[in-house]
Amino acid sequence: MFKAPRIRWIYGSEDLHQLMVSKALLYFLFLFVNLTLTYRVMLSSTFSHIIGVLELIYVVLLGLYMGYRLMVRVLAQNFKINSFEILLLLISVFPFISAVAAKIEFGQPLLFGLLAFKDFYLCYGALVLYGMLRRGEISWELVERAFLAVAWFNLLFFYGMSLFTNAAAHQDSLIAGSQAAKGGEVYYRFNMAFIFFGTIYYVVKASYRKSAYYLLLAGLFLIYIVFFRLDRTSIVVVLAAVVAFFFTATSYKMRVRTFFRIAVPGLLGLLLAYLVVPEVFEKYILMFSEAIQTVEGQAAATGQSWLRQHEMDLAIRYIDKHPFLGNGRLSNQWLEGGYSNFMGFFYPSDIGFMGQVFMYGWLGAVLLYSQFLFALYYILKTRGTRKNIFQVACKFYLLALFLDALTNGFLTTYTAQSLTVVMLVFFFYQKGEWLHHAQKRSKNEGPFLQAT
């Protein structure tokens, strides 16, 4: 109770302000590093080896931090846990379920089964941020600025690599590739998590602030997705999130105004461009027509379509053998090549949600995806969120991540991406509840103190 007066006595008001600014800067830098590592946004880059080492170090630090926090709570006899912590505990059983399943089906030692999830443990970075928010060490606004800083850092780096380096030089690595359905052009396979966020955030901000400037910023992110990343799923999920925002979080008047001021001119512009330079659109027509034909079962049984169908057939066969626990996740440290040693060409990520069912069984897959239902529950319960741009952006960003996870099956590899946003949705609900209860208190009870 005497700490604050002592600080004021030692430091003048100007020095105290500088101290607070310095502390905020340190927290901001920590948030930037935390988001960069837990979202794994730089893993698919020319710095992948360095990032891999940093991720491993951070996993160890997170483990030590979790042990410390657990010890503090036990010593304080504080055994209360909230619903987000329960969700995280339930999702944390995946490494153990998978390790047992891989031992049963493929004979992989349990230790290697747990080591296969070393990237999964980065999701505890979300719990670190949650604790800092609850204790008031960081503010909601500081987290928002950190998200934007990482988004812009990613965008500038991706543009720089795409414009000033040759992706073909990295074609044999994981960071670049090409497909005939995309015109055969070699492109970088950068992580789009924060590019999604930047697009959605600035669309929301442009709508609520009624500013074309923020719409231009959103366009910078969207242009990278459409013309540089060349990924059908990325294009579809971010546009789906933007459309969902306009139809569920804006007024009827705004929707009409957007349709006539942006949608109609945009569609006419695209039509005119198609008539003038149709060759620019040919690869996009090919990309999406092949995807539609594959879904409808019309595509020829060759190339990527045949491989996906082959992998799906294999997965279904193994799911029938172990529908409850699944077949586990194999570690390259135990056996280089993983499933290919037992099943031929097979990558669970290629078949999205069914790949998750293959690895973790129906019970595990439903539990893994339940985080999105958890978030939806608190989104529906949250009061007065329309004017908070970051919170609204988080809702529709989470929708984009959900749709993306259904197709690429990377939800356990990039667990922190969704869980961090789920945490923010939950914290915003809690913050609203604290303020709601504070307003009910009598003025004689004094000012409301945020729970810690």
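A 1.4 Å probe run over the protein chains yields, for segment 18-92, 61 Å² of accessible area per residue, whole-number rounding. For the pair LYS80 and LEU373, a Förster radius of 30 Å applied to the C-beta separation gives a FRET efficiency near 0.85, rounded to the nearest 0.05.
Computed from the alpha carbon atoms alone, the convex hull of segment 349-433 holds 78 Å³ per residue.
In a DSSP loop and with at most 16 other Cβ atoms within 10 Å, the trypsin sites (Lys or Arg not before Pro) in segment 338-405 are ARG383, ARG386, LYS387. Distance between the pseudo-spin-label points of PHE260 and LYS103 (7 Å out from Cα toward the beta carbon): 6.7 nm. Put a dot 7 Å past the Cα of VAL60, heading toward its Cβ, do the same for LEU26, and the two dots end up 2.3 nm apart.
About its Cα centre, the dipole of segment 42-149 is roughly 320 debye, where the only charges are +1 on Lys and Arg Cβ and -1 on Asp and Glu Cβ. Using the Cβ-Cβ distance between THR46 and LEU220 with R0 = 30 Å, the FRET efficiency computed as 1/(1 + (r/R0)^6) comes to roughly 0.85. Could you list the chymotrypsin sites (Phe, Trp or Tyr not before Pro) in segment 93-161 that lie in coil according to DSSP, counting only those with at most 15 other Cβ atoms within 10 Å of their Cβ? Passing both the DSSP loop test and the Cβ count: no residue. Only one residue of ALA176, TYR159, LEU148 has its Cα farthest out toward the positive end of the dipole of segment 106-238, where Lys and Arg carry +1 and Asp and Glu -1 on Cβ, and that residue is LEU148.
The values are calculated or read from the model by the stated rules, or taken from the named source; none is laboratory data. Computed from a predicted structure; not experimentally measured. Every residue, glycine as well, gets a Cβ built from its backbone with ideal geometry; the counts of neighbours run over all protein chains shown. We work out accessible area using only protein heavy atoms, side chains counted, and drop any ligands, DNA or RNA first. Shrake-Rupley method; radii C 1.70, N 1.55, O 1.52, S 1.80 Å.
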